[in-house]
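Read through the structure below, which is laid out as structure tokens, and then see the notes.
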Amino acid sequence: MNIIIFGPPGAGKGTQSKFIVKKYNLYQLSTGELLRKEIANKSKLGSEISSIINVGELVSDDIVSNLIEGFITDDNFKNRMIFDGYPRNLNQAKNLDFLLKKYNQKIDIVLKLSVSLETIKKRILERQSQEQRADDNQEIAIKRYKTYEESTEPVLEYYKKSNLLNVVNGEQTIDEISKEISGIIDRIKGWQSIIRQYKYAVT
Ligand code: AP5
Ligand code: MG
């Protein structure tokens, strides 16, 4: 099972991904974390990435595509990935479909965490004091939210058409959200198992 988790900055994508990974034995592929690792390496690419992240814009599709391809082609992660923060624009969504198809995989579930800008500002400011993320301040948080609205939210239409989209109220407590997400995953896993049994029975 491959899952995409969408949502504005601070919506809880990372928090819920970690829960899903543990419960369903999946692998979290967070492009934000991969990019921050590249920055920590202090490479030339890292400094290019940091200048983009620190103004709340999107890193180029080529850079991100190079980072994720290695995971999609790796058998250890096959059909057990949760994409956290990827795809973030239509081009990335099409590239992901292309890569998954090439390696005989697909997306099974798309989760969207809905959260208001007010809640986002509060959560990001709270996190600022716990983790030192260069893009966690009020001004850049608003810019990241605008980037999300302009580039990422339109991608949801793409997944709505293929009936994969599940919207979850991200204003609830962490546990309430986890419970709702588990319900969605269990339901879809149940259907998949029925379909597999039916196919087995007719062939
Ligand atoms: P990325 O790292 O993906 O950041 P983001 O999308 O801005 O989201 P965050 O990681 O800030 O929030 P989250 O939704 O994971 O929430 P979390 O669980 O941490 O991307 C960073 C940058 O990298 C981008 O701006 C872009 O420049 C670049 N980038 C990344 N991917 C890219 C791509 N594909 N293409 C191009 N560029 C890319 O929760 C937030 C806080 O709230 C935490 O403190 C948490 O404890 C708390 N919290 C969580 N849930 C709840 C709850 N229900 N109630 C109360 N508190 C909660
Ligand atoms: Mg995150």
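Identify, from the list Ile20, Ile49, Ile53, the residue that is of a type in the set (A, V, I, L, M, F, W, C), under 19 Å from Leu164 (Cβ atoms) and within 16 Å of ligand 2 (Cβ to nearest atom). Steps first, please.
Details: Ile49 fails: under 19 Å from Leu164 (Cβ atoms); Ile53 fails: under 19 Å from Leu164 (Cβ atoms).
Every option except Ile20 fails the conditions.
From (1) under 24 Å from Tyr158 (Cα atoms); (2) among the basic types (Lys, Arg); (3) part of a loop (DSSP other than H, G, I, E, B), pick out the condition that doesn't hold for Lys94.
Of the numbered conditions (1) under 24 Å from Tyr158 (Cα atoms); (2) among the basic types (Lys, Arg); (3) part of a loop (DSSP other than H, G, I, E, B), the odd one out for Lys94 is (3).
I need the full set of residues from the range 1-28 which are aliphatic (A, V, I, L, M) and surrounded by fewer than 21 Cβ atoms within 10 Å (Cβ to Cβ), in order please.
We begin by selecting, within the range 1-28, every residue aliphatic (A, V, I, L, M); these are 1, 3-5, 11, 20-21, 26.
Met1, Val21, Leu26 - these are the residues of the range 1-28 that are aliphatic (A, V, I, L, M) and surrounded by fewer than 21 Cβ atoms within 10 Å (Cβ to Cβ).
In the range 56-77, how many residues are more than 8 Å from ligand 1 (Cβ to nearest atom) and surrounded by fewer than 16 Cβ atoms within 10 Å (Cβ to Cβ)?
Number satisfying all stated conditions: 8.
Go over the candidates Lys94, Lys121 one by one and state the one that is among the basic types (Lys, Arg) and modelled with pLDDT of 95 or more.
Criteria check complete, one pass: Lys94.
Being of a type in the set (Val, Ile, Thr), part of a loop (DSSP other than H, G, I, E, B), without any contact (Cβ under 8 Å) to a residue 40 or more places away in the chain and near ligand 1 (Cβ under 10 Å from one of its atoms), is that true of even one residue in the range 166-177?
Looking through the range 166-177, at least one residue is of a type in the set (Val, Ile, Thr), part of a loop (DSSP other than H, G, I, E, B), without any contact (Cβ under 8 Å) to a residue 40 or more places away in the chain and near ligand 1 (Cβ under 10 Å from one of its atoms).
Every residue in the range 169-199 that is within 16 Å of ligand 2 (Cβ to nearest atom), surrounded by 14 or more Cβ atoms within 10 Å (Cβ to Cβ) and of a type in the set (A, V, I, L, M, F, W, C), please.
Within the range 169-199, Ile177, Ile181 qualify.
Pairs only if they're at least six apart or on different chains, beta carbon under 8 angstrom, first in the range 77-94 and more than 18 Å from Gln16 (Cβ to Cβ), second near ligand 1 (Cβ under 9 Å from one of its atoms) and of a type outside the set (S, T, N, Q); list them, first residue then second.
Asn89/Leu58; Asn89/Asp61; Asn91/Asp61; Gln92/Asp61; Gln92/Val64; Gln92/Tyr86; Ala93/Pro87
Residue-wise test of (1) among the aliphatic types (A, V, I, L, M); (2) surrounded by 15 or more Cβ atoms within 10 Å (Cβ to Cβ).
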{"residue": "Tyr86", "(1), (2)": "no, yes"}
{"residue": "Ala93", "(1), (2)": "yes, yes"}
{"residue": "Asn104", "(1), (2)": "no, no"}
{"residue": "Ile107", "(1), (2)": "yes, yes"}
{"residue": "Ile124", "(1), (2)": "yes, yes"}
{"residue": "Ser129", "(1), (2)": "no, no"}
{"residue": "Gln132", "(1), (2)": "no, no"}
{"residue": "Asp136", "(1), (2)": "no, yes"}
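In this structure, is Leu34 within 26 Å of Asn104 (Cα to Cα), within 11 Å of ligand 1 (Cβ to nearest atom) and not acidic (Asp, Glu)? Let's see the steps before the verdict.
Values: within 26 Å of Asn104 (Cα to Cα): yes; within 11 Å of ligand 1 (Cβ to nearest atom): yes; not acidic (Asp, Glu): yes.
Answer is yes for this residue.
For the range 129-148, name all the residues that are assigned to a helix (DSSP H, G or I), out of contact with any Lys or Arg (no Cβ under 9 Å at 6 or more places or on another chain), more than 7 Å from ligand 1 (Cβ to nearest atom) and without any contact (Cβ under 8 Å) to a residue 40 or more places away in the chain.
Within the range 129-148, Ser129, Glu139 qualify.
Being closer than 17 Å to Ser151 by Cα and among the β-branched types (Val, Ile, Thr) narrows it down to one residue among Ile4, Ile49, Ile82; which is it?
On the way: Ile49 fails: closer than 17 Å to Ser151 by Cα; Ile82 fails: closer than 17 Å to Ser151 by Cα.
Exactly one residue qualifies, and that residue is Ile4.
Is there any pair with a first residue in the range 30-49 that is more than 21 Å from Gly12 (Cβ to Cβ) and a second that is near ligand 1 (Cβ under 7 Å from one of its atoms) and of a type in the set (A, V, I, L, M) whose Cβ atoms are under 9 Å apart and which are 6 or more apart or on different chains, and what are they?
What qualifies is Ile39/Ile53; Gly46/Leu35; Glu48/Val59; Ile49/Leu35; Ile49/Val59.
The values are calculated or read from the model by the stated rules, or taken from the named source; none is laboratory data. Every value quoted in this text rests on a predicted model; they were computed, and no experiment measured them. All Cβ positions, even for glycine, are placed from backbone atoms using ideal geometry, and neighbour counts span all protein chains on display.
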